[in-house]
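The values are calculated or read from the model by the stated rules, or taken from the named source; none is laboratory data. The structure displayed is predicted, hence computed values, not measured ones. Neighbour counts run over all protein chains shown; Cβ positions are idealised from the backbone, glycine included.
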């Protein structure tokens, strides 16, 4: 190897010592334990951790001998660092390289030496861990060599830990010297470090704040969790600066500018915050702020300002996208937890969503839980959909509001200019049409405007207006479809179905009006009218001497979310003196997907009272299987789409068989819908299904027609006779 190459290697080695903050440093007690352990393990009176400098050897720790300043040329360790493995000298007096060294002739009078090189992570030789005896050793076994080598590796790891400790101490000293208020938190947003300036800013002591949640001093709207999620999603450092309201431990608040940063550290994800009190700055700038353009609760743009910005974007002729947002469960939060919690929820939502929006996006609050996003220059529907999808995903993690973890969903509708409107009013209106379609689909989704939505909206609103008259003029009626035992042919239940006896269009089925009804304020009163009418009819039949069977009732989703569900059902059972087992409430997919604990609690209470709970159209929804674990069910209703083709479609037959078997294992009854053929009924019976309904047994019919069947049912128990009578025009 050339002299130049050797010089370069030496410089790299010295640089490695400097990088570890070890070059020309005094002994340190942190290494004493390893040195003492080495001497004990190898039964030698002396052990060293020695580092080799440019010209001399210096010791970081010594056992059995006071370290002295030794020239590099007079040290055995200078030879050890040139080796790839443990360097052993069995008898120094027998080795002409070492017999005249001061270490041999004086001091510890070393006759035996074993040293393992201390090798950095980059491969540089820093020094040696050595053991010395004043008598020669004939051998040094492979086991001892391995042990010394492992102990040397521990010394190197301690070098790196030492550097990190010194670095952390330096950073901490710097942090405590700066006037900036610095805070760091872990992945759970618990405060790990707070510097002196921050303690003064929040008027607290160290023991008062370390270990507490960041929301103790920075409200939820500061959203450390959302920022952390954004940083992790990009797998890189992520930062955001915004203004909010901070809180001292005694409850006093002050306006603050927060600079949050998220990164991946050695212990995983972490967040740091620099907090500035901006009271004076806000006071200076307050006169420059046009308060008329801001929503006072969230600080977002209001509708007026949003419209002006949209006008400006359209005037630039670069296109724009408008996204309208409704929170799906906001009314329930207000009703159950109060308006103060509702306000905090709106603030948290307003702080979280901008973190997931592209540069230049403007978010506004139109009122209550209605928000809007303006994306100037964005005219690509695919990119618009990506933004809408990002907003939905931003709500995957719950919001921590006043100790409540709230899983809030949102419905989004968006319109893209050009193509979806010429003016600001038109594009906002068209986005609203799309928003309605998203809400109609059950929420937690986004829809883009389609031209046919406008005509559908006009038709829907006309239908809603007519429904007001229909309820007032008693045009709504109930028809009943019998449910029959597949074993005996006897009526074992019925389902109440809503119809509209329209004065000009005749008898209307739900397909013609139910979508308009579900999204109108009439949904709740019509739903309670249906329940009341079913209970009244059952009571009438009992007075007329009929043997009663259970009646299934479909309630609207809004009724399950009302605080009065249990009370309203019990009142009607009491009013008409009916046993709870005669009433069966049918749970739809919308209810199953709502994740509404209030509705779930209400249904459990009703089931404990004896009310039956059925899952309608089982097998067609997205969450049916998981719903079986959550809901207090008595019955599964197999959807007609599976029954219709089960004789010819092996897939449908397999699904039907699996549902019946699963229901049996769970102790649930099954009712198959849409039975039209005797062969279907027979196959279902063989598969273990107990009950069925469909045109084979009767179409939905007025109460008086079903009464005739109930009377005739007492005369015969034969399914064939019953079926024949059904086809004689009684349905």
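Mind listing whichever residues of region 520-531 are surrounded by 16 or more Cβ atoms within 10 Å (Cβ to Cβ) and touching a helix residue (DSSP H, G or I) at 6+ places or on another chain (Cβ under 9 Å)? Break it down stepwise before answering.
Initial filter on region 520-531 (surrounded by 16 or more Cβ atoms within 10 Å (Cβ to Cβ)): 520, 522-524, 526-531.
Result: 520, 522, 523, 524, 526, 527, 528, 529, 531.
Picking from 14, 22, 57, which residue would you name as being surrounded by fewer than 21 Cβ atoms within 10 Å (Cβ to Cβ) and either under 60 Å from the mean Cα position of the chain (by Cα) or modelled with pLDDT of 90 or more (or both)?
Values: 22 fails: surrounded by fewer than 21 Cβ atoms within 10 Å (Cβ to Cβ); 57 fails: surrounded by fewer than 21 Cβ atoms within 10 Å (Cβ to Cβ).
Step by step, each of 14, 22, 57 is checked, and only 14 is surrounded by fewer than 21 Cβ atoms within 10 Å (Cβ to Cβ) and either under 60 Å from the mean Cα position of the chain (by Cα) or modelled with pLDDT of 90 or more (or both).
Considering region 302-322 alone, what residues qualify as being in contact with a helix residue (DSSP H, G or I) (Cβ under 7 Å, 6 or more places away or on another chain) and assigned to a helix (DSSP H, G or I)? Show your work before the answer.
Going residue by residue through region 302-322, those that are in contact with a helix residue (DSSP H, G or I) (Cβ under 7 Å, 6 or more places away or on another chain) are 302, 304-305, 307, 310-311, 314, 320-322.
304, 305, 307, 310, 311, 314, listed by residue number.
Which one of the conditions (1) under 25 Å from residue 308 (Cβ atoms); (2) in contact (Cβ under 8 Å) with a residue 24 or more places away in the chain does residue 426 fail to meet, given that it meets all the rest?
It fails just one condition, (2).
Check residue 449 against each of (1) in contact (Cβ under 8 Å) with a residue 60 or more places away in the chain; (2) crowded, with 16+ Cβ neighbours inside 10 Å; (3) over 30 Å from residue 686 (Cβ atoms) and name the one condition it does not meet.
Every listed condition holds for residue 449 apart from (1).
Out of region 116-133, which residues are in a loop (DSSP other than H, G, I, E, B) and either in contact with a helix residue (DSSP H, G or I) (Cβ under 8 Å, 6 or more places away or on another chain) or surrounded by 16 or more Cβ atoms within 10 Å (Cβ to Cβ) (or both)? Please lay out each step first, then the result.
Within region 116-133, the subset in a loop (DSSP other than H, G, I, E, B) is 120-124.
Once the filter is applied, which keeps residues that are in a loop (DSSP other than H, G, I, E, B) and either in contact with a helix residue (DSSP H, G or I) (Cβ under 8 Å, 6 or more places away or on another chain) or surrounded by 16 or more Cβ atoms within 10 Å (Cβ to Cβ) (or both), region 116-133 yields 120, 121, 122, 124.
Listed residues 318, 331; which is farther than 30 Å from residue 440 by Cα and in the same structural domain as residue 435 (by TED's automatic domain parsing)? Step through it out loud before you land on a result.
Numbers: 331 fails: farther than 30 Å from residue 440 by Cα.
Going through 318, 331 in turn, the sole match is 318.
Starting from region 75-103, keep only residues that are surrounded by fewer than 12 Cβ atoms within 10 Å (Cβ to Cβ), then list their pairs with residues that are in a loop (DSSP other than H, G, I, E, B) whose Cβ atoms are within a distance under 9 Å, requiring at least 6 positions of separation or different chains.
94/136; 97/76
Answer yes or no as to whether residue 109 is outside any strand (DSSP E or B), surrounded by 11 or more Cβ atoms within 10 Å (Cβ to Cβ) and at positive phi. Write out each step before concluding.
Numbers: outside any strand (DSSP E or B): yes; surrounded by 11 or more Cβ atoms within 10 Å (Cβ to Cβ): yes; at positive phi: yes.
Against the criterion (outside any strand (DSSP E or B), surrounded by 11 or more Cβ atoms within 10 Å (Cβ to Cβ) and at positive phi), residue 109 qualifies.
Name the strands (runs of 3 or more DSSP E) wholly inside region 455-515 in which the number of residues that are within 16 Å of residue 699 (Cβ to Cβ), at pLDDT 85 or above and in contact with a helix residue (DSSP H, G or I) (Cβ under 9 Å, 6 or more places away or on another chain) is 2 or more.
Ranges flagged: 476-485, 491-502.
Take the residues in region 354-364 that are part of a helix (DSSP H, G or I) and touching a strand residue (DSSP E or B) at 6+ places or on another chain (Cβ under 7 Å); name whichever of them is farthest from residue 309 (Cα to Cα). Let's see the steps before the verdict.
Let us first name the residues in region 354-364 that are part of a helix (DSSP H, G or I), namely 354-356.
Then drop every residue that is not touching a strand residue (DSSP E or B) at 6+ places or on another chain (Cβ under 7 Å), which leaves 354-355.
Values: 354: 17, 355: 20 Å.
Checked region 354-364; the qualifying residue farthest from residue 309 (Cα to Cα) is 355.
What's the total number of residues in region 384-401 that are exposed (fewer than 14 other Cβ atoms within 10 Å of the Cβ) and under 29 Å from residue 217 (Cβ atoms)?
3
Please return the ranges of helices (runs of 4 or more DSSP H) entirely within region 548-643 where 1 or more residues are more than 17 Å from residue 442 (Cα to Cα) and modelled with pLDDT of 85 or more. Before the answer, list the steps.
On the way: elements: 557-560, 565-575, 589-593, 597-609, 624-630.
By residue number, 565-575, 597-609.
So residue 341 clears everything in (1) surrounded by fewer than 21 Cβ atoms within 10 Å (Cβ to Cβ); (2) modelled with pLDDT of 85 or more; (3) touching a strand residue (DSSP E or B) at 6+ places or on another chain (Cβ under 9 Å); (4) over 18 Å from residue 398 (Cβ atoms) except one condition, right? Which one?
(4)
Report those helices (runs of 4 or more DSSP H) wholly inside region 163-281 carrying at least 3 residues which are within 30 Å of residue 359 (Cβ to Cβ) and either modelled with pLDDT of 75 or more or not assigned by TED's automatic domain parsing to the domain that holds residue 343 (or both).
Values: elements: 196-201, 206-209, 224-234.
Ranges flagged: 224-234.
Just wondering, is there one or more residues in region 521-540 that are out of contact with any strand residue (DSSP E or B) (no Cβ under 9 Å at 6 or more places or on another chain) and part of a loop (DSSP other than H, G, I, E, B)? Can you show your working first?
Narrowing region 521-540 to residues out of contact with any strand residue (DSSP E or B) (no Cβ under 9 Å at 6 or more places or on another chain): 521-525, 528, 532, 536, 539-540.
Now drop any that are not part of a loop (DSSP other than H, G, I, E, B), which leaves 521-522.
Yes, that holds for at least one residue.
Considering each of 93, 126 in turn, give the residue that is assigned by TED's automatic domain parsing to the domain that holds residue 20 and either within 60 Å of the chain's Cα centre (by Cα) or modelled with pLDDT of 95 or more (or both). Break it down stepwise before answering.
Details: 93 fails: either within 60 Å of the chain's Cα centre (by Cα) or modelled with pLDDT of 95 or more (or both).
Within the list 93, 126, the selection yields 126.
Yes or no: residue 24 in a loop (DSSP other than H, G, I, E, B), within 17 Å of residue 153 (Cβ to Cβ) and touching a residue at least 24 places away in the same chain (Cβ under 8 Å)?
Values: in a loop (DSSP other than H, G, I, E, B): yes; within 17 Å of residue 153 (Cβ to Cβ): no; touching a residue at least 24 places away in the same chain (Cβ under 8 Å): yes.
Taking the combined requirement at face value, the residue does not satisfy it.
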